[in-house]
Amino acid sequence: MEKPLLSIGMIVKDEIRCIEKCLQALQPLREAVPCELVIADTGSTDGTREVAERYADILFDFPWTGDFSEARNAVMDRCSGKWYLTVDADEYLVPNLRELREFLWAKHPKNLLLAFVIQRSYTTREMDGRYMDFPAPRMLRMDSGLRYQGSIHESWVLPADADTKILGKTIFDHDGYAFQTPEQSKKKAERNMKLLRAELEKNPGDLRRLNQCVESSGAFPQEHMSYLQRAMDGFMAQPELAMSHYGQPLYRAALQKALLGDLPQARTWLAWGEEHMVRSIFFQVDVTFSAALYFQKKQEYDTALSWAERYFKGQETWSRQRIAMLRESRASGLHFLAEEDRQRMLCVKAECLARQGREDEALEMLLPLDAAKLELAASYSYFQAMDCLRDNPQAQERMGQVLPPILTLSEEEEDDKAEKRRREKRNNWLLMLNDRFREKPEDEDEERRWLEGRWRLFREVPCELGWAARLMDADAEEGRVLLERIKDWTQVPLLAIQHAVELGLPLPDSFFRRSAQDNRDTAAGLVDAKKPEFIDTLLDWMGCCDFTASMSRFQFQFELTMAALRAEDWKDDQRARRLCALFLSLAADYMPNYYNSALLESEEDWNALPGMHQFALLLLKGRSAWENGDELGWVRALRKALKAAPAMKKMVEFLQKNPPARPVDPQLRELAAKVRAILDQYAPDDPAVAALKQSEAYQKVAHLLE
C-alpha cells in the first residue's frame, strides 16, 4: 500500500446503531485519495467490532482508562498519513468531496496545521429537520507533532503562530443527539461533568472548559446557573474576554438563559451586551432572536419589533460572510439559523405590526407562509399573529385554505413513518388550536376582544373546526344544524361543546360514538373549564338529552356527573343535594349494567374496581343501610367510600350532614296530609295547635311536616 495522504482515526464502543452507516459514508473519500482507516475499540459488546473489521485497515483493542486523549493518541500513534482526520461513529460524511480533495492535494504553508470541517447536528432521527452547524477542528498535519490534551472534549493546542483553515463545504451529518433518550443524556452528562469539573479545577480561568461545563450541565440547573453567573461576573470585570472565541458562546448561553427564563438579570445583561457584544455574530443572531421573544412575551411590542428586525440583519450578515463568521464562531454553533427560526421571527414581527395597527403589513408577511410546513414553535407564533387579525376577512379566508390539509387524515397504513409524523403534527396542531380557541388573555385590556370571539379567525375553515367557530355565534336553531354536520369531534374545541350546553342543545349521535377515554376527557373538561356554577347549567342540560338511548350516552352522563362532583365547591346546598341524588340514581343503574352483577356480590372483590366505582358502590350500600334505619351502617359505608376515593372528601362531609331522604310509607304520607289539613284550620298560636303537636299522630309525621 502506498503511503497514505490521509489517515482517518476513530475510537468506538457499542456503536452498532450507526457504525456501518458511518463507515460506508467514508468509502467515497477512501476511493478518492490514498487513505487508511485506523480504529480503536474500547470494549464493545454489541457487534461493533465485527462490523469495524470489514472496513478498517488497522483495528486494535484499547482498554478504556477514562481519558479520551489517551485513546485518541493511541490511534494517532498507529497512523502514517500526511493529514489526520478524526471521525465519530455517529457522523456521516456528506458526498461532496471536491473541497476536501483540493485541500488534501494542495501545497500549504508549513504553519497551516489544522483544518475545520462542518459538523451538522440534527435534532430528528430522520435528519430532515432542524440542525445546527458547528466548525469542528478535525484535521491535523501529522508532522506538527501535536498530541491530544484533556481527559474530555480533548483537543490539539496549537502554537501561537499556527494557521488554520475552515472547509465550509465539507460536512459531516451528526445524529447522535437525536437518538439519545433522556436517561442516556443524563448518564452522559454525569460522566462528562465528572471529568470537566476536574479539568476546570486545574485551570479555573479556562473559558474553553467553562464553556464546556455550561454545555454539559443542563441536567443540573443550579450548577448550570452558577457557571453562567461566573462567566458574566468575569466578563463584566474584563469585557475583552467576552469577545474571545469561547467568551462569545458563553455570553450567548447566559443571556438566553436569562431572557427565556425571565430571570432578574435579563435586562442588565442585555444592556451590557449592547455596549460590548454587538460585533459578535452570536449577539447578532442568537441574542436578537431571544430578545425579540422576550419582549414579545412582555407585550413590549415596539421593542420586540426592533429586535426582530435586528435578527434579520444578523442573518443577512451571516449569509454574506459565512466563512468569516464560521471562523469567529468556531467555539460553538449558532442556535437560530434554521428556516424554522426565520419563519418564527417573521410571525413575531407580524404580530408586533398587527399590535401597532399595521394590519396590511402583517398580512403581507403572513399570507405567503405555508402553515402546513411550519414546525410547532413557529406554528404557535403564527397563530399568535393571526389571532391579532381575527376579524380580518383575508386572515379568515387564509385559515380556511391552510387548515383543512393539516386536519384531514389520510387512509394510509399506521406504520408508515411519514403518516405517523403527520398524525403527530396534526395532534399538536389540534392542541394548539384548542388553546387559541379557548384561552382567555391575562391582559385585562384584551378581555373585551376575547369575549367578542377569538374563534372568528376559523369561521371560513370548511370542516368541523369552522362549523364549531360558527356555532359560537349561533342561536339554538342554527346551532342544532351545525352540530349535526360534525362527524370528527377531535377538531371541535371544548368551548364549542360548552356553548352547545349553554344553548340547551342535545349532542348528536356522532358525539357519543367516540372512545370511552375521549368521552371521559370531554366530561372532565366541560366542568373544569367553567366555574362551579356551570354545574347548574349542566344539570338542566341533562334533561334535554336522551341518555338512556345507548350505553355510550349513559356512560357519558355518568362520567359527566362524576366530573361535576369533583368540581363542586359544596357551598350551594340545593345544587349539592341535586348532584348527589343524580349520582346515586345513575350509579344504581350504571354499576349492574357496566359489570356482571354476579361479580358485585362480594364486597371484597370491589377492591379490583376503579376508585370512583368502588365509591359509588359503597354509597349505594350505605344508602340502603340508611333507608333501613341502620345509621351506623351508613357511617361505615361513608368511611370506606372515602378510603376508596380520598379526593371526594368534601362530598362525604356533605353527606354526613345531609344524608339522603328515607323513603316514606304511603300510609304515613296519608296521615301527614290529614294532620296538615287540621293544622291549616287554626292560627299558629291557637292552643289547639300546641295540643295537636303533643299527640302521637303528629310525632309520627313531624319530620314530613317540617
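Throughout, read-outs are computed from the coordinates displayed, never taken from laboratory work. Not measured: the values here are computed from a predicted model. Methodologically, a virtual Cβ is constructed for each residue, glycine included, from the backbone with ideal geometry; neighbour enumeration extends over all protein chains shown.
What distance in nm separates the two pseudo spin-label positions at Glu397 and Lys188, each 7 Å out from Cα along the beta-carbon direction?
5.0
From the mean inverse distance of alpha carbon pairs (Kirkwood) and the Cα radius of gyration, derive Rg over Rh for the chain. Don't skip to the answer; put the middle values down first.
Details: Rg = 35.8 Å, Rh = 31.8 Å.
With Rh from the inverse mean 1/r over Cα pairs, Rg/Rh is 1.13.
Please identify the trypsin sites (Lys or Arg not before Pro) of region 528-634 that satisfy two criteria: DSSP loop assignment and at most 11 other Cβ atoms within 10 Å. Which are they?
On the way: sites: Lys530, Arg553, Arg566, Lys571, Arg575, Arg577, Arg578, Lys621, Arg623; in loops: Lys530, Lys571.
Listed in order of number, the matching sites are Lys571.
Can you give me the relative contact order of the chain as a percent, contacts being Cα pairs under 8 Å and 6 or more apart? It would help to have the intermediate numbers written out before the result.
Working: 940 pairs, mean separation 41.8, N = 706.
Rounded, it is 6 percent for the chain.
Measure nothing but the geometry: give the 0 to 90° angle between the long axis through the Cα atoms of 631-644 and the longest principal axis through the Cα atoms of the chain, rounded to 10°.
Long axis of 631-644 versus the principal axis of the chain: about 10 degrees.
What is the helix-to-structure angle for 288-297, meaning the angle in degrees between its Cα long axis and the longest Cα principal axis of the chain, kept from 0 to 90 and rounded to the nearest 10?
Here the helix axis deviates by roughly 10 degrees.
Could you compute the FRET efficiency for Leu539 and Lys571, with r as their C-beta to C-beta distance and R0 at 22 Å, rounded to 0.05?
Numbers: r = 16 Å, r/R0 = 0.71.
Given R0 = 22 Å and the Cβ-Cβ separation, E is 0.90.
Could you tell me which residue out of Leu112, Tyr131, Phe179 lies farthest along the dipole of region 82-185 toward its positive end? Charges go on the beta carbon: Lys and Arg +1, Asp and Glu -1, centred on the Cα centre.
Result: Leu112, furthest along the dipole toward the positive end.
Students often get this wrong, so check it: of Lys82/Lys107; Lys188/Lys420; Lys21/Lys82; Lys165/Lys257, which have C-alpha atoms separated by over 22 Å?
Check vs 22 Å cut-off fails for Lys188/Lys420; Lys21/Lys82; Lys165/Lys257.
Testing the spin-label approximation: label points 7 Å from Cα along Cα→Cβ at Lys531 and Lys693. State their distance in nm.
4.0
Mind ordering 679-687, 67-75, 359-367 by average Cβ neighbours within 10 Å, highest first?
Values: 679-687: 9.6, 67-75: 18.8, 359-367: 17.1.
Highest mean packing first, the order is 67-75, 359-367, 679-687.
State, as an integer percentage, the relative contact order of region 199-321 based on alpha-carbon contacts under 8 Å between residues 6 or more apart.
On the way: 108 pairs, mean separation 20.9, N = 123.
Result for region 199-321 is 17 percent.
Nearest 10 degrees is fine. How inclined is helix 516-528 to the longest principal axis of the chain, computing both from alpha carbons?
Compared with the principal axis, the helix lies near 80 degrees.
Are there trypsin sites (Lys or Arg not before Pro) in region 1-69 that DSSP puts in a loop and that have at most 10 other Cβ atoms within 10 Å, and which ones?
Details: sites: Lys13, Arg17, Lys21, Arg30, Arg49, Arg54; in loops: Lys13, Arg17, Arg54.
Counting only loop positions with at most 10 other Cβ atoms within 10 Å, the trypsin sites (Lys or Arg not before Pro) in region 1-69 are Arg54.
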